[in-house]
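The values are calculated or read from the model by the stated rules, or taken from the named source; none is laboratory data. A quick note: this is a predicted structure, and the numbers were derived from the prediction, not measured. Cβ atoms come from the backbone with ideal geometry, glycine included; neighbour counts cover every protein chain shown.
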Amino acid sequence: MASSRRPFTIKVPCSSANIGPGFDVVGLALSIYLTLTVTFTNEHPEAEHNCTITYEGDGADEVPLKPDHNLITRTALYVLKCHDIRDFPAGTHVHIKNDIPLGRGLGSSGAAVVAGVMLGSTVGDLGLSKDRMMDYTLMIERHPDNVTATMMGGFVGSYLRELDPKDTERKEIPLSEVLPEPAGGLDTGLRPPEPPLGIGHHIRFGWAPEIKAIAIIPDFEVATATARGVLPTEYSKKDLIFNLQRLAVLTTALTRSPPDPELIYQAMQDKVHQPYRKTLIPALSEILTSMTPQSHHGLLGICLSGAGPTILALATENFERIAEEILARFAKEGVHCIWKVLEPVQEGAQVTEL
């Protein structure tokens, strides 16, 4: 393990999935980060799996710090065990600094999975390419929109090929919270199955440089399983065509400079997931229907970020006024929010030696 004793950092951006009509299809990497600082010490020779964890940031009171329970290190152990490595290098210390709000629709679990796969590849000196690391992330996450944006960067469309059940049912494979319990990742002593090659495929779209994302982040969580639970099992042909038409326009409209507010606003409408999630998020319907480019200069479109409750407003200017209007709508419902202006992150997740 030539790299196993050199300290390094892993910096992983958050992501917003769905983006209007692109349910489970498109994702956008954005400038809130999960950062791992990995060092090596002789201070804890008896540490479980040779790994100690410290944590700061969002979720500090709830995130487990045992290597086989924490999603990041559990994922790394899965990658290592696929290569017949049972533990981290001796003395591994992982300091996690997480600025991504948990359970808010900004891809926190996807970022953790990406960070874990990169951690396993780096400490194991496995030399996995980003494309191969994507196969590992998709064995764990199974929804490619968030993890693809986080790993690869930019505004991306993606799909996951259908997997043979025998490739996914082994209990050694850890699962993120998107999937139901049991969480998996159990250490049975067996070597876990390596993911098939090319599970997921993606394409990067352009992004007009004028467009920024205003994230309005409420102070409550919506579990992904809950948000998926309110969706219907079947959709009408009319609603599916509605979304497909708009998605086909949106992926090009967001590349055009200068952006066309009216075209983008109409192309960001959705009938597949947002109408069904309005019961989970106070003020969502009012925000989506009452704020337009005509009423708020600089606004291009508004959508639910991922499963919510974060609201994403795409805009070219007037960020504070747009944010304050959405904050006021939430305040009427007794919901406190914070807001941030975020930039697209084009380079995706990165490993840097210290």
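Restricting Val63, Val79 to those that are without any contact (Cβ under 8 Å) to a residue 60 or more places away in the chain, in a loop (DSSP other than H, G, I, E, B) and among the β-branched types (Val, Ile, Thr) reduces the list to Val63. Looking only at residues of the range 260-271 that are surrounded by fewer than 21 Cβ atoms within 10 Å (Cβ to Cβ) and within 26 Å of the chain's Cα centre (by Cα), we find that the one that is nearest to Gly298 (Cα to Cα) is Tyr265. Taken together, the criteria exclude Pro13 from residues that are within 26 Å of Leu80 (Cβ to Cβ) and part of a loop (DSSP other than H, G, I, E, B).
In the range 301-320, the residues that are assigned by TED's automatic domain parsing to the domain that holds Asn18 never reach a residue that is of a type outside the set (D, E, K, R) and assigned to a loop (DSSP other than H, G, I, E, B) with C-beta atoms less than 9 angstrom apart, at least six apart or across chains. Looking only at the range 39-77, residues that are in contact with a His (Cβ under 7 Å, 6 or more places away or on another chain) and under 24 Å from Asn146 (Cα atoms) come to 3 in all. Residues considered: Ile19, Ile85, Ile32. Of these, the only one that is more than 18 Å from Leu106 (Cα to Cα), β-branched (Val, Ile, Thr) and either assigned by TED's automatic domain parsing to the domain that holds Val114 or in contact (Cβ under 8 Å) with a residue 40 or more places away in the chain (or both) is Ile85. Do the conditions hold for Gly110, that is, is it outside any strand (DSSP E or B), over 19 Å from Thr41 (Cβ atoms) and within 21 Å of the chain's Cα centre (by Cα)? Yes, satisfied. Testing Ala253 on (1) at pLDDT 95 or above; (2) over 23 Å from Arg204 (Cβ atoms), one condition comes back false. Which one is that? The one condition Ala253 does not meet is (2). For the range 284-332, filtering for residues that are assigned to a helix (DSSP H, G or I) and of a type in the set (A, V, I, L, M, F, W, C) leaves 11. From the list Asp68, Asp125, the one residue that fits, being at pLDDT 95 or above and either under 20 Å from Pro192 (Cα atoms) or in a strand (DSSP E or B) (or both), is Asp125. Summed over the range 323-354, residues that are polar (S, T, N, Q) and touching a Phe, Trp or Tyr at 6+ places or on another chain (Cβ under 7 Å) total 1. Would the range 66-74 turn up any residue that is crowded, with 22+ Cβ neighbours inside 10 Å, under 30 Å from Thr310 (Cα atoms), touching a helix residue (DSSP H, G or I) at 6+ places or on another chain (Cβ under 8 Å) and of a type in the set (Lys, Arg)? Within the range 66-74, one or more residues are crowded, with 22+ Cβ neighbours inside 10 Å, under 30 Å from Thr310 (Cα atoms), touching a helix residue (DSSP H, G or I) at 6+ places or on another chain (Cβ under 8 Å) and of a type in the set (Lys, Arg). Within the range 194-216, being within 27 Å of Leu160 (Cα to Cα), assigned to a loop (DSSP other than H, G, I, E, B) and either of a type in the set (S, T, N, Q) or touching a residue at least 60 places away in the same chain (Cβ under 8 Å) (or both) holds for Glu194, Pro195, Pro196, Leu197, Gly198, Ile199, Trp207. Can you find a residue that is more than 14 Å from Gln350 (Cα to Cα), in contact with a Leu (Cβ under 6 Å, 6 or more places away or on another chain) and outside the structural domain of His273 (by TED's automatic domain parsing) anywhere in the range 103-116? Yes, the range 103-116 contains at least one residue that is more than 14 Å from Gln350 (Cα to Cα), in contact with a Leu (Cβ under 6 Å, 6 or more places away or on another chain) and outside the structural domain of His273 (by TED's automatic domain parsing). Among the residues of the range 117-141, the one identified as among the charged types (D, E, K, R), more than 12 Å from the chain's Cα centre (by Cα) and either under 22 Å from Asn98 (Cβ atoms) or outside the structural domain of Ser16 (by TED's automatic domain parsing) (or both) is Lys130. Report yes if Leu342 is aliphatic (A, V, I, L, M), free of Cβ contacts under 8 Å to residues at least 24 places away in the same chain and within 19 Å of Val26 (Cα to Cα), otherwise no. Against the criterion (aliphatic (A, V, I, L, M), free of Cβ contacts under 8 Å to residues at least 24 places away in the same chain and within 19 Å of Val26 (Cα to Cα)), Leu342 does not qualify.
Which residues, taken from the range 49-60, are exposed (fewer than 15 other Cβ atoms within 10 Å of the Cβ) and either in a loop (DSSP other than H, G, I, E, B) or not hydroxyl-bearing (Ser, Thr, Tyr) (or both)? The answer is Glu56, Ala60.
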